[in-house]
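The values are calculated or read from the model by the stated rules, or taken from the named source; none is laboratory data. Predicted model only: the values in this text are computed from it and were never measured. Every residue, glycine among them, receives a Cβ derived from its backbone with ideal geometry; neighbour counts consider all protein chains shown. Heads up: the accessible areas ignore ligands, DNA and RNA and are worked out on the full protein's heavy atoms, side chains in. Shrake-Rupley method; radii C 1.70, N 1.55, O 1.52, S 1.80 Å.
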Amino acid sequence: MTVMVHPLIEATDPYCLSPVAAAALLHDAPWRRFASIGDSLSVGAGDPTPGYLNLGWPERVRQILLRVRPDLEYLNTGRIGATTQQALDEQSARILEFRPDLLIVPSGANDIVRREPDWAQIERTLRRMWELAAGTGAQLAAFTLGRAFVIPVFPDWPDRLRTLNAITRTLAAEFGGVIADCEDHPFNDRPNLLSADRIHFSTSGQAVIATLVVQQLAYVLGSK
């Protein structure tokens, strides 16, 4: 007897909240100015996955927040390939001018794509980013990088990823940010998680990330 295995789709994904359920979690959200600064993860770049809406996590979160706050304003200054220093240099002015009350902070993925990462410098630069972000008065949020994200040319890549994620967690704790923790999430084991470039999350991953962000923001609201 042949057992039919149905492909996973967004409506049945156990790690995805529907827009209605997500909005219910954020029903009393105070945020009216949502922004994202940084790199491709901040942009929400990725290939489409059959059965999932072709949307990155920022647009998903924006649409959820709009259900709660129809007057929501949104700015995404992220640029694919940007390092944290480049994001500071190129994007800070627009973010400060926008005056967000909810801000996504980059996790430094492009900072470690080099022959010999300077960890002291990487931490200093990420700290400057968090200091700038905290200066806006916004609720801050960030991501850890998923273990599915691998660059084979660097044999020590898993160690790099764990070290970077540890820095992100430390800074988030210090500056009152929340973490959408992707490092060991079960979605890392999905064969369709990554885009064709094997770097960016496909829209199946983007959908899960959006749920993780919503859940962390709901936790903040519930703790106040």
Next on the checklist: With in contact with an Asp or Glu (Cβ under 8 Å, 6 or more places away or on another chain), touching a residue at least 40 places away in the same chain (Cβ under 8 Å) and part of a helix (DSSP H, G or I) as the only criterion, which of Ala87, Ala82 stands out?
Outcome noted: Ala87
Next on the checklist: For the condition over 20 Å from the mean Cα position of the chain (by Cα) and at pLDDT below 95, what is the one hit in Arg114, Arg67, Arg124?
Outcome noted: Arg114
Checklist entry - Any chance region 51-69 includes a residue that's outside any loop (DSSP other than H, G, I, E, B), among the basic types (Lys, Arg) and more than 30 Å from Arg160 (Cα to Cα)? => result yes
Item to check | Sole residue being farther than 21 Å from Gly46 by Cβ, open to solvent by less than 70 Å² (accessible area, probe 1.4 Å) and in a strand (DSSP E or B), chosen from Leu221, Leu140, Leu132 | outcome: Leu140
Checklist outcome for this item: How many residues of region 146-158 are open to solvent by less than 10 Å² (accessible area, probe 1.4 Å) and within 24 Å of Pro58 (Cβ to Cβ)? The answer is 1
Checklist entry - Is there any pair linking a residue in region 114-140 that is over 14 Å from Leu164 (Cβ atoms) to one that is of a type in the set (D, E, K, R) and outside any helix (DSSP H, G or I), with Cβ under 9 Å and at least six apart or on different chains, and which? => result Thr136/Arg99; Thr136/Asp101; Gly137/Arg99; Gly137/Asp101; Ala138/Arg33; Ala138/Arg99; Ala138/Asp101; Gln139/Asp101
Next on the checklist: Just the residues that are open to solvent by 10 Å² or more (accessible area, probe 1.4 Å) and in contact (Cβ under 8 Å) with a residue 60 or more places away in the chain, please, taken from region 93-111.
Outcome noted: Phe98, Arg99, Asp101, Ala109, Asn110
Item to check | Qualifying positions in region 47-73 - surrounded by fewer than 22 Cβ atoms within 10 Å (Cβ to Cβ) and of a type in the set (Lys, Arg) | outcome: Arg62, Arg67, Arg69
Next on the checklist: Just to be sure before I move on: is Gly44 closer than 23 Å to Trp130 by Cβ, surrounded by 17 or more Cβ atoms within 10 Å (Cβ to Cβ) and in contact (Cβ under 8 Å) with a residue 12 or more places away in the chain in the structure I sent?
Outcome noted: yes
Next on the checklist: Suppose we filter Leu221, Leu212 for residues that are hydrophobic (A, V, I, L, M, F, W, C) and more than 17 Å from Pro14 (Cβ to Cβ); which single one remains?
Outcome noted: Leu221
Item to check | Filter result for Tyr15 (assigned to a strand (DSSP E or B) and closer than 23 Å to Val220 by Cβ) | outcome: no
Checklist entry - Checking Arg114 against (1) in a helix (DSSP H, G or I); (2) farther than 30 Å from Ala24 by Cα; (3) out of contact with any Asp or Glu (no Cβ under 9 Å at 6 or more places or on another chain); (4) basic (Lys, Arg), which test does it fail? => result (1)
Next on the checklist: Of everything in region 183-210, what is open to solvent by 10 Å² or more (accessible area, probe 1.4 Å) and farther than 15 Å from Leu41 by Cα? Give them in sequence order.
Outcome noted: Asp184, His185, Pro186, Asn188, Asp189, Arg190, Pro191, Asn192, Ala196
